[in-house]
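The values are calculated or read from the model by the stated rules, or taken from the named source; none is laboratory data. Here the structure is a predicted model, which is why all the values come from computation and not from measurement. Backbone-built Cβ (ideal geometry, glycine too); neighbour counts: all protein chains shown. In case anyone asks, the SASA skips ligands and DNA or RNA and just uses the protein heavy atoms, side chains included. Shrake-Rupley method; radii C 1.70, N 1.55, O 1.52, S 1.80 Å.
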Amino acid sequence: MPAIAPDRTIGIVGAGAMGAGIAQVAALAGHRVRLFDQRDGAVDSAIAAMAKTFDGLVAKGKLAADKAEATLGRIEPAENLADFDVCALAIEAIVEDVGAKRNLFADLEAIVAPDCILASNTSSLSISALARDLEYPGRVAGFHFFNPAPLMKLVEIVSGLGTDEATAATLCDTARAWGKTPVRAISTPGFVVNRCARPFYGEALRLLGERAVDAATLDAVMCEAGGFKMGPCALMDLIGHDINFAVTNAVYAATFNDPRYLPAHLQSEMVAAGHFGRKSGRGFFAYGAGAEKPPVSSEPEAPKPAQVTREGDDERLEPLLARAKEAGLFVHRRLATEAGPRLLVDGTVLHLSDGRSATRRARDTGENELALFDLALDYTTATRIAISVADQATGQAAASAAGFFQAMGIAVSLIDDAPGLVVLRTVAMLVNEALDMAQHGVASPEDIDLAMTLGVNYPKGPFAWGSEIGLDLVKTVLDNLKRHYGEDRYRASPRLNRLVARETAP
């Protein structure tokens, strides 16, 4: 189906940040927009804010003055919903409440033409539920923009059980015509981004709750090793813990209390205390005049290792070993032993984590002087790494591991002996979640990767990351996490089990 023609009118209900942002996008694409909000003065305030934004863009040379004037001229306040009678598309961007949205759609259906699409900007509510009582449920779909709508490229097109294919296809083409990148999803809790992203927050909250690491160090590891633009703690502070906690609770309830999405007591306490993040002046970090971010924990400078030996081969470590050689470390080679691929640094055994704690792995293998290191997006450019040491090890293990990485210019954060460390357990859970979503037809692997890179700016989509580090490692990490915690939270997706079985079949 073709996109909605630019000469057709778009109606938007809700003049808050999202509704006003979508109005701006539609008007810039050439549509006349009728903007309605039942709050007195809300539409006028939104248009005034847009005018101020356009003035800034014009001043910076990013928008022509005549285009800014013409765009604003296409946005007009609606006196009431009756003014939506000419609309080809009506988008609601009101409060996240099923009853309110359902009532609004019922009112709109009595006003708009039969071919007018009714779209919801909901981030997680069931599209099937919103369309339930309508005469024409086939014209209802999710049209989920991300904040700020004028800047964010991603739009989720969400089909409920009754949504016509033509409706979803038209919204996809319209999103493209508006300069956006659409991804298709079916109506399931959290859709694509809000569902797939839950482990990014959930694993951070668990590590913090276990006192394995502090917030500043956790974020530093996720950014400087994992390649994420923003750590989960800073991102939750930006989103608002009240909002983030509400979304987690909604997904948890909608999945019938699946332990994968279990809300964290730590975040519940923060919300109860009013520590919402940036908007309240306090979250994991303090904000406002004079606020200082707490220091990141880094190991003191340790001696450069006298001897580094690699036993066996692991493709995942080749970039790290190449960096070691560039840093002037001579790496001896030996054949693999029963312990599998590993590094020996001045008598300390160094392994990439496999989801076991260092203490558990030392007990399993007898390698008492053992340290584990975390996954990095790219070992050749990482500026920080997390390590942990076995309880059986002496103090020399941490120093040997730290000296090895520091010799390459990599800062080292020693965390408590948490299984899977920081980046690896988070990435394993993200990959597993994406595989499970594809298993249930929520979205295609391509759209899931696209959504997570465009919608939340991840350095890699989960499918791409899983392919790079190996699904066998992902499964091993999850199995070991499940063994450690005894929780179904870490169960491997059936799709992951099947793919790993296929890869390892004789």
Taking the range 480-501 as the region of interest, how many residues are part of a helix (DSSP H, G or I) and either closer than 20 Å to residue 377 by Cβ or open to solvent by less than 50 Å² (accessible area, probe 1.4 Å) (or both)? 8
Any idea how many residues of the range 26-45 are part of a helix (DSSP H, G or I) and open to solvent by 10 Å² or more (accessible area, probe 1.4 Å)? 5
Scanning the range 113-138 residue by residue, those of a type in the set (Ser, Thr, Tyr) and in a loop (DSSP other than H, G, I, E, B) turn out to be 122, 123, 124, 126, 136
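Here's the yes/no breakdown for (1) within 29 Å of the chain's Cα centre (by Cα); (2) in contact (Cβ under 8 Å) with a residue 60 or more places away in the chain:
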{"site": "26", "(1), (2)": "yes, yes"}
{"site": "51", "(1), (2)": "no, no"}
{"site": "71", "(1), (2)": "no, no"}
{"site": "75", "(1), (2)": "no, no"}
{"site": "81", "(1), (2)": "no, yes"}
List every residue pair whose Cβ atoms lie under 9 Å apart, where the two residues are 6 or more positions apart in sequence or sit on different chains, the first residue falls within the range 264-286 and is within 12 Å of residue 238 (Cα to Cα), and the second residue, located anywhere, is basic (Lys, Arg) and loosely packed, with under 15 Cβ neighbours inside 10 Å. 285/293; 286/293
When you look at residue 69, is it of a type in the set (Asp, Glu) and either under 24 Å from residue 123 (Cβ atoms) or open to solvent by less than 70 Å² (accessible area, probe 1.4 Å) (or both), yes or no? no
Could you list, in sequence order, all residues of the range 219-269 that are touching a Cys at 6+ places or on another chain (Cβ under 6 Å) and either under 16 Å from residue 430 (Cα atoms) or of a type in the set (A, V, I, L, M) (or both)? 231
Residues located in the range 367-394, provided they are among the charged types (D, E, K, R) and more than 17 Å from residue 465 (Cα to Cα): 367, 369, 384, 391
Tell me, which residue of the range 82-92 that is in contact with a Ser or Thr (Cβ under 9 Å, 6 or more places away or on another chain) and open to solvent by less than 20 Å² (accessible area, probe 1.4 Å) is farthest from residue 167 (Cα to Cα)? 84
Among the residues of the range 130-180, how many are touching a Leu at 6+ places or on another chain (Cβ under 6 Å) and open to solvent by 50 Å² or more (accessible area, probe 1.4 Å)? 1
How do the helices (runs of 4 or more DSSP H) wholly within the range 152-241 filter down when requiring 1 or more residues that are more than 25 Å from residue 487 (Cα to Cα): which remain? 165-177, 215-224, 232-239
Given (1) free of Cβ contacts under 8 Å to residues at least 60 places away in the same chain; (2) more than 23 Å from residue 242 (Cβ to Cβ); (3) of a type outside the set (D, E, K, R); (4) open to solvent by less than 10 Å² (accessible area, probe 1.4 Å), where does residue 122 come up short, assuming only one miss? (2)
Counting only residues that are open to solvent by 50 Å² or more (accessible area, probe 1.4 Å) and not charged (D, E, K, R), which one in the range 95-105 is nearest to residue 33 (Cα to Cα)? 95
Condition first: more than 30 Å from residue 389 (Cα to Cα) and of a type outside the set (Lys, Arg). Can you find one or more residues in the range 199-220 that meet it? no
Is there a residue in the range 327-341 that is farther than 22 Å from residue 363 by Cα, touching a residue at least 60 places away in the same chain (Cβ under 8 Å) and not small (Gly, Ala, Ser)? yes
Return a yes/no flag: does the range 435-458 have any residue that is over 30 Å from residue 179 (Cβ atoms), open to solvent by 30 Å² or more (accessible area, probe 1.4 Å) and part of a helix (DSSP H, G or I). yes
Within the range 242-264, restricting attention to residues that are in a helix (DSSP H, G or I) and among the polar types (S, T, N, Q), which residue is most open to solvent (accessible area, probe 1.4 Å)? 249
Here is a list of conditions, (1) open to solvent by less than 30 Å² (accessible area, probe 1.4 Å); (2) at negative phi; (3) not acidic (Asp, Glu), and residue 396 meets all of them except one; can you say which number that is? (1)
Of the residues that make up the range 209-217, is at least one of a type in the set (A, V, I, L, M, F, W, C), crowded, with 22+ Cβ neighbours inside 10 Å and touching a Gly at 6+ places or on another chain (Cβ under 6 Å)? no
From the options 442, 500, 423, residue that is of a type outside the set (D, E, K, R) and closer than 22 Å to residue 213 by Cβ: 423
Taking the conditions exactly as written (open to solvent by less than 20 Å² (accessible area, probe 1.4 Å), closer than 17 Å to residue 437 by Cα and not small (Gly, Ala, Ser)), does residue 183 satisfy them or not? yes
Residue among 306, 302, 324, 339 that alone is part of a helix (DSSP H, G or I), among the small types (Gly, Ala, Ser) and either open to solvent by less than 50 Å² (accessible area, probe 1.4 Å) or under 25 Å from residue 383 (Cβ atoms) (or both): 324
Would you please name the residue that is farthest from residue 382 (Cα to Cα), looking only at residues in the range 310-321 that are assigned to a helix (DSSP H, G or I) and open to solvent by 30 Å² or more (accessible area, probe 1.4 Å)? 315
